[in-house]
Amino acid sequence: MTKRVNIAIDAMSGENSPKKIIDGIEISLKKNNENFFILYGKKELLLNEINSRKIISENCEIVDTIDVIKDDESPLSATKNGKESSMWKTIDSQKTNKADISLSAGNTGALLLMSRLILNTIEGIDKPALAGLWPNNKGVNVVLDLGANIECSQKNLLDFSCMGSALHRSLYPNEVPKVALLNIGLEEHKGNDVLKKTFSTLKNSHSKNFDFSGFIEGNQIMNGDVNVIITDGFTGNIALKTAEGTANFISKNMKKSLNIFSLLLSYYSLKKFKEKLDPRKFNGAIFLGLEGPVVKSHGSTDAIGFSYSIEMCNKIIKSNLIEKIKSNLFTVDQ
């Protein structure tokens, strides 16, 4: 019998919760019934959404919680005063071995700080990183760090390379992770000292866990020639927001530029293009480097997007991501 994955969910965070959360769980269960859900939130509200859906009630447990962390609350304040919140209880469920993984659509800063305090970092890792998925011409990129660490050392970037490649292998086991460092040029002499030293170390490491492809520039991220892109959180977050803004700009102006006739002619091409770049399919960032996996869903995604973050949780546990990271860390000569 297949072992079920126990997913703890902060059911009160994010837009349109808890309805969106419950709808996402229902979509997920219809695709895959290997998951069991521990929902942390206001019991009465959750029961109102669940009672009429047998498929969910048979595959979940509700833990009544008092507080909810607000999106605009400072991470420090949320952590100090939020020990009875749905977010804290969700993460803490891993510490008590009630859950295998935690999932929240709430305040990113608070989620990261709470996760670090409750779960601790893996031995040998100085800083956890926030990793996300981006589409490319040939598949999907893992990109990190996306904002957890504004400044990074050489060791941090080396750790990110090991962790990012482990995540890619977990999600896409039939592909070889190809790691590249995001930089302002492709030549070895380009970039700051940290990037150049990291390049030199990775170039000479001959890691068995991933192929090192050198530097990559921002305009090459979507090419698909590499699939694990490493950068500090400052640059990564700017790249992420720029990509999101560009996608929105193209989408809005394409609608304005096309008349009804041209829309009819190009309907199937546009539909295929939209499906490929649907951000809901790539919903779910993960904090890498912690003793337990924590996934962050985008707060504004819908139920379909949330179901994809549940799918990510399942793959992460089934592939033993944390053990992969631990075994990968010391394969690169630092």
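All of the numbers you see were taken from the coordinates with simple rules; none came from a lab. On a predicted model such as this, the values are computed, not experimentally measured, just so you know. Using ideal geometry, Cβ is built from the backbone for each residue, glycine included, and neighbour counts are taken over all protein chains shown.
Taking the DSSP beta bridges with both ends in the chain, the antiparallel portion is around 30 percent. Electrostatic tally near D64: other residues with Cβ closer than 9 Å to its Cβ, Lys and Arg +1, Asp and Glu -1, net +1.
How big is the dipole moment of the range 5-119 about its Cα centre under a simple scheme where the beta carbon of each Lys and Arg is +1, that of each Asp and Glu is -1, and everything else is neutral? Debye, nearest 20, please. Write out the running numbers ahead of the final one.
Details: 15 positive and 17 negative charges, 31 e Å.
The dipole magnitude comes to about 140 debye.
A cut-off under 15 angstrom between Cβ atoms defines the neighbours of T108, and their net charge, with Lys, Arg +1 and Asp, Glu -1, is -3.
Within the shell of other residues whose beta carbon sits under 10 angstrom from the beta carbon of E123, the net charge comes to 0, with Lys and Arg scored +1 and Asp and Glu -1.
Using packing as a proxy for protection, rank 77-87, 14-24, 62-72, 157-167 so that the peptide with the highest average count of other Cβ atoms within 10 Å comes first.
157-167, 14-24, 77-87, 62-72
Adding -39500 (n - 2.57) for every DSSP H run of four residues or longer, then dividing by how many residues the chain holds, sets the calculated 222 nm ellipticity at -13500 deg cm²/dmol. Picking from F287, S57, I322, whose Cα lies most toward the positive end of the charge dipole for the chain (charges on Cβ: Lys, Arg +1; Asp, Glu -1)? It is S57.
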